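The values are calculated or read from the model by the stated rules, or taken from the named source; none is laboratory data. Since the model is a prediction, treat every value here as computed from it, not as a measurement. Cβ sites come from the backbone with ideal geometry, for glycine too, and all protein chains shown count toward neighbours.
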Amino acid sequence: MYIHADSKGFVLHFVRILPGQYSVYAYEDSALCHSSLFSEARPELFSGTRTHSSDRTMDLGLAEDHFSRPVGSFVASDIEQLKLAIEECKKLILELPEHSERQKDTVVKLIHLRLKLQELKDPEEDEPNLRILLEHRFSKEKSKSVKQTCDKCSTIIWGLIQTWYTCTGCYYRCHSKCMNLITKPCVRSKVSHQSEYELSICPEIGLDRQDYRCAECRTPISLRGVPSEARQCDYTGQYYCSTCHWNDTAIVPARVIHNWEFEPRKVCRSSMRYLALMLSRPVLRLKEINPLLFNFVEELVEIRKLRQDILLMKPYFITCKEAMEARLLLQLQDRQHFVENDDMYSLQDLIDISSGRLSCSLTEIHTTFAKHIKLDCERCQAKGFVCELCKEGDILFPFDSHTSVCHDCSAVFHRDCYYDNSTTCPRCARMTERKQDDISDVKEA
């Protein structure tokens, strides 16, 4: 194992795997390499002015800096000549004595030639910063990370020498050279036009219905892996090739709604992106899809009650100057649907309910809202109610746990008083009597 520091500012770390074969790791900054590795490095590889003896001189006729135009007896001026030089290097590595200095130097030169070849195949000059294709909005990346993978060819993106793009909508990544080969439209467009989930659990139709081809790119596939392995997506139920299905995992909405199951399942790449973009969208109306879920999941009942209370608090805040200045409702800006209705949920809501995070955060917000209305703000306190049935006790608010609200006039009473009293609501009775008096006055006039 040794390290070669290049003059261009990145480090190549070589680990011998088999005789004549090395595993190479590239780092943009030598500081990323562990200090213990340098104790095993050969000093002459780090020297800025290195001299070669005649017996170690390469016969390839290439300059030391292989990122500039090579000069000498073998001028690698285009891709074909670079390929020939690479083949010569491979043959020489096999012919040279194992573990010899010349063999190690030849490996270094081979890596430089391959990087130069890749640079010519994927030129960075004249590449636009923004490209639009199949509703993707591709933005040119400046990151030099080598840990990204091209979604088209499934190979590593070498950020040091390759130009690559990322879709700002669905985060589809690909080499510049792969752009014209893309056939998958942007998933965000589907989210914008069709914001709904597949609510059947793994709706498999069978490989024969797919004509034994990938559901996305139509590549021939089979369960035996010949010519390509068929991989099932648990979200769509369809089968995909290994290029379109990387064995990514995601929580499947249908399994959550019907079974309250949150175990991640294997999904294809397009499903993974779609589920990620849909994660925070409130499109699940649980009372219609599976109303029995509230009978078996106590946390859902608790969250529903908290949401109903918040909706009752909302009129106080939108008419209170202090609440508007304090922007209390912005505490729910990440879950805007909580201040609009009490029956729509996003998949992220259900995940947070299962983990207990939503109950804790929503209870804290509920307490803050109630404290403002009942203790901190005199204007809000003045909007409270006195139970007209018993005319006793403290001021009541519709979100109190021991109260009941009249469905017709929204008057608030003690729960026990409301259900024990068999007569009509006193406020409704007054309103009805007032209307009759107005009608009588109109007739007399």
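Annotations
- Residue check, His402 of a type outside the set (Val, Ile, Thr), farther than 30 Å from Ile251 by Cβ, touching a strand residue (DSSP E or B) at 6+ places or on another chain (Cβ under 9 Å) and loosely packed, with under 14 Cβ neighbours inside 10 Å: yes
- Among strands (runs of 3 or more DSSP E) entirely within region 129-239, having at least 2 residues that are at pLDDT below 90, more than 18 Å from the chain's Cα centre (by Cα) and not hydroxyl-bearing (Ser, Thr, Tyr) singles out 130-133.
- Residues in region 344-369 that are free of Cβ contacts under 8 Å to residues at least 60 places away in the same chain, surrounded by fewer than 17 Cβ atoms within 10 Å (Cβ to Cβ) and at negative phi: Ser355, Arg357, Cys360, Ser361, Thr363, Glu364, Thr367, Thr368.
- For Glu204: the one exception among (1) farther than 30 Å from Glu288 by Cβ; (2) charged (D, E, K, R); (3) without any contact (Cβ under 8 Å) to a residue 60 or more places away in the chain: (1)
- Candidate set from region 288-299 (those that are over 23 Å from Tyr235 (Cβ atoms) and surrounded by 13 or more Cβ atoms within 10 Å (Cβ to Cβ)); member that is nearest to the chain's Cα centre (by Cα): Glu299
- Of the helices (runs of 4 or more DSSP H) lying entirely inside region 247-332, those containing at least 2 residues that are without any contact (Cβ under 8 Å) to a residue 40 or more places away in the chain and farther than 30 Å from Phe385 by Cα span 269-278, 293-296.
- Residue match in region 360-371 (condition: within 41 Å of the chain's Cα centre (by Cα), assigned to a loop (DSSP other than H, G, I, E, B) and assigned by TED's automatic domain parsing to the domain that holds Leu330): no
- Residue satisfying all of: in region 263-279; surrounded by 15 or more Cβ atoms within 10 Å (Cβ to Cβ) and out of contact with any strand residue (DSSP E or B) (no Cβ under 8 Å at 6 or more places or on another chain); nearest to Thr183 (Cα to Cα) among these: Ser270
- Residues satisfying the stated conditions in region 372-382, i.e. within 40 Å of the chain's Cα centre (by Cα) and not β-branched (Val, Ile, Thr): His372
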